[in-house]
Amino acid sequence: MPVVDRPKRLGLPTVLRSALVGHCPNCVLGSLFRGFLRPRRCCDVCGITFEADSSTWLGTAFLMYLLASVLLIGEGVGLALLFGFFPGFTAVMGVSAVMLILFSYRSARGLWVWCLWKVGYLGECREASGPRVEAAEKHG
């Protein structure tokens, strides 16, 4: 499947929204995910690969950690200034950390894939296609 040409010029709000929602950075039509958290290897629409190598998850983890840290620091400072260090402060921060990690993965993955695409690191998907590959993707 040939890689679709890059769109001529998309505005920053459109690019950020598509990255945060989890759309393909190349065609803005395909999805990065096959469910809530399971990433696709390639775009179904344009054929670009989303994993340049097996360490693509490391950049996602870094962005997710950075995003969660900044938001948790802001939340902690805000809660401490408004209510002081109340008895359930640690529990509230712990629950917030778990929720941030669970719900920021898709956005962090979308931003990381967009960054890789922007610098030209992603190319055409070299994955074989056919019934065996599709069956393997469904089960594993």
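The values are calculated or read from the model by the stated rules, or taken from the named source; none is laboratory data. Because the structure is a prediction, the values reported are computed rather than measured. When we count neighbours, we look across all protein chains shown, and the Cβ atoms used for this are built from the backbone with ideal geometry, even at glycine.
Tabulated data for the structure shown
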quantity	calculated
Yes/no for residue 87 being farther than 16 Å from residue 69 by Cβ, exposed (fewer than 11 other Cβ atoms within 10 Å of the Cβ), modelled with pLDDT of 80 or more and more than 23 Å from the chain's Cα centre (by Cα)	yes
Single residue of 29, 72, 79, 58 found to be within 22 Å of residue 14 (Cβ to Cβ), of a type outside the set (S, T, N, Q) and either out of contact with any Pro (no Cβ under 8 Å at 6 or more places or on another chain) or modelled with pLDDT under 85 (or both)	29
Which listed residue is at pLDDT 85 or above, in contact with a helix residue (DSSP H, G or I) (Cβ under 9 Å, 6 or more places away or on another chain), within 19 Å of residue 22 (Cα to Cα) and not small (Gly, Ala, Ser), from 116, 67, 100, 63	100
